[in-house]
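This report concerns only the one structure given below.
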Amino acid sequence: APIRNALFILKAPSADPAAAQEARAMIERQVAQMVRLIDDLIDISRISTGKLALRRERVDAAAVARSAIEAAEPAIRAREHSLEVSLAPAPIQISADATRLAQVFLNLLNNASKFTEPGGRIAFEVRLEGDTLVASVRDNGIGIPAHQLEPIFQMFNQADRSLERTAGGLGVGLALSRRLVELHGGTIEARSAGEGRGSEFIVRIPGAAVPEAEDRPSAEA
């Protein structure tokens, strides 16, 4: 509907230049959103039919996190959120598909931004617990009712349908994130103290480690 409205403005013979420019920007935003939605639906279909294969390699978890932050920054900046990032001081290596893991982090960051009022706070942390990579995204947004903490990961589930519609989502991102995390052998859970009290999403993936210093042969006397 926004794209149709924008095209109607552009076709008007007396279109104001400022209105035409805003219409073009609207089309660009909506097309980008459609691309994301379609990509998510295709990924869900690939997972459901067993056609999505991870390209796993040893990756630096902090580098994956920074990639997701970079992609999420425009949306966070547009809503004037403060983003607090805490990455483990030592490198954390894990066997993962870097692109898909970054996609999980990006989905969680976008989700936090979408459901947090402008000017709100978002915190993103990546740490190591034993041999488990733990990544959490916490916000002070609209929160999640207790009865929705598990169903929110189901396809097309929307905890707040009116807000989700205005944000242009379909309730696909969290379902896709869970399936991608499970393909990595991990888990994802949602926590919230209730409506209006923010939420937190925690990803746990086993098999992470801090690389040991390389052994170097001692120099001959």
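If only residues of segment 31-43 that are modelled with pLDDT of 80 or more and of a type outside the set (D, E, K, R) are counted, the one that is nearest to residue 172 (Cα to Cα) is 41. Does any residue of segment 39-47 turn out to be closer than 21 Å to residue 189 by Cβ, open to solvent by less than 80 Å² (accessible area, probe 1.4 Å), of a type outside the set (Gly, Ala, Ser) and not in a helix (DSSP H, G or I)? No, there is no match, as no residue in segment 39-47 is closer than 21 Å to residue 189 by Cβ, open to solvent by less than 80 Å² (accessible area, probe 1.4 Å), of a type outside the set (Gly, Ala, Ser) and not in a helix (DSSP H, G or I).
Could you list all residues from segment 78-104 that are open to solvent by 10 Å² or more (accessible area, probe 1.4 Å), in contact with a strand residue (DSSP E or B) (Cβ under 7 Å, 6 or more places away or on another chain) and assigned to a helix (DSSP H, G or I)? Steps first, please.
Within segment 78-104, the subset open to solvent by 10 Å² or more (accessible area, probe 1.4 Å) is 78-91, 93, 95, 97-100, 102-103.
Filter once more, so that each one left must be in contact with a strand residue (DSSP E or B) (Cβ under 7 Å, 6 or more places away or on another chain): 81-88, 91, 93, 95, 98.
Hit for segment 78-104 is 98, nothing else.
Here residue 69 meets the list (1) in a helix (DSSP H, G or I); (2) surrounded by fewer than 17 Cβ atoms within 10 Å (Cβ to Cβ); (3) aliphatic (A, V, I, L, M); (4) in contact (Cβ under 8 Å) with a residue 24 or more places away in the chain almost entirely, failing just condition (2).
For (1) exposed (fewer than 15 other Cβ atoms within 10 Å of the Cβ); (2) in contact with a helix residue (DSSP H, G or I) (Cβ under 8 Å, 6 or more places away or on another chain); (3) touching a residue at least 60 places away in the same chain (Cβ under 8 Å), each residue gets a yes or a no:
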position: 106; (1), (2), (3): no, yes, no
position: 110; (1), (2), (3): no, yes, yes
position: 125; (1), (2), (3): no, no, no
position: 130; (1), (2), (3): yes, no, no
position: 134; (1), (2), (3): no, no, yes
position: 137; (1), (2), (3): no, yes, yes
position: 141; (1), (2), (3): no, yes, no
position: 147; (1), (2), (3): yes, no, no
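Here residue 53 clears all of (1) within 26 Å of residue 95 (Cα to Cα); (2) without any contact (Cβ under 8 Å) to a residue 24 or more places away in the chain; (3) surrounded by 16 or more Cβ atoms within 10 Å (Cβ to Cβ) except the condition numbered (3). Residues in segment 3-30 that are open to solvent by less than 70 Å² (accessible area, probe 1.4 Å) and either β-branched (Val, Ile, Thr) or at pLDDT 85 or above (or both): 12 in all.
The values are calculated or read from the model by the stated rules, or taken from the named source; none is laboratory data. The structure presented is a predicted model; accordingly, all values stated were derived computationally and were not measured. Don't worry about glycine lacking a Cβ; one is built from the backbone with ideal geometry, like all the others, and counts go over all protein chains shown. Side chains are part of the model used for accessible areas, which takes the heavy atoms of the whole protein and leaves out ligands, DNA and RNA. Shrake-Rupley method; radii C 1.70, N 1.55, O 1.52, S 1.80 Å.
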